[in-house]
Amino acid sequence: DPAEYDFGDSEFSVSLWFYRTEETYGWNSNLVSKWNTDVSSGTNEWNVLTSSTSTNRFPAFDIEIGNTKYSAVSQIEWSMFKWHHLVAIRKSEQLELYLDGILVGNASVPNSPVNNIAGRNLQFGKRDNNENLASGFLQGSKMDDVMIFDRVLSPEEITILHRDGGPIEDRELPSDLI
């Protein structure tokens, strides 16, 4: 539970690329997470997901303040078998979600600290879910260029990350790379 991922009331951004080869179902939609489970309110911090309901293709960004969950949900679906760029931002009293460089979801939140749960580890491709550590693994997905910032990314930075970033297999690599 490194302190640099406990943001409290500070602003932060999460940027990543994801690629799905299977539909989301159950708990397999978590990408980057400090989340336990939706059935235990007050035990979660923040979560970036491929699905807002675990059965759709609308990405989401959740935070929890006290016992209340706040979500920015995309109004646009992602496509299977394609790389997508996702950026989640907590900006004072606002959550923002960008898909492929476009603002697709936002939500108002109180300017209060995100929960800081002792021992809640940063997870990639799953949630912490202490009740069942084997559950919640992201299946049928790849992730690349996962970055977490302790500040808000500007729209220009999001455009650059989307335009110039991407999975390593889609980039032209230098000929002298070993």
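Here the Kirkwood formula puts the hydrodynamic radius of the range 1-50 at 12.7 Å, using every distinct Cα pair. Check the straight Cα-Cα distances from Lys91 and name the lysines below 17 Å, setting aside those fewer than 8 residues away within the same chain. Within the straight-line cut-off, Lys91 pairs with Lys69. Close amide H pairs (under 5 Å, H built 1.01 Å from N) link Gln94 with Val109, residues at least 5 positions away or on another chain.
Rg/Rh for the range 1-114 (Cα atoms only, Rh after Kirkwood) is 0.94. A crude spin-label estimate for the pair Thr21 and Glu4, with each label 7 Å from Cα along the Cβ direction, gives 3.2 nm. The calculated FRET efficiency for Phe81 paired with Asp164, based on their beta-carbon distance and R0 = 25 Å, is about 0.65. Note on surface exposure: Ile102, Ile158 rank Ile102, Ile158 by accessible area, highest first, 1.4 Å probe. Applying 1/(1 + (r/R0)^6) with r as the Cβ-Cβ distance of Lys142 and Gln94 and R0 = 30 angstrom yields a FRET efficiency of 0.50.
The values are calculated or read from the model by the stated rules, or taken from the named source; none is laboratory data. Every value quoted in this text rests on a predicted model; they were computed, and no experiment measured them. Every residue, glycine as well, gets a Cβ built from its backbone with ideal geometry; the counts of neighbours run over all protein chains shown. Each accessible area value is taken on the protein alone, full model and side chains, heavy atoms only, with ligands, DNA and RNA left out. Shrake-Rupley method; radii C 1.70, N 1.55, O 1.52, S 1.80 Å.
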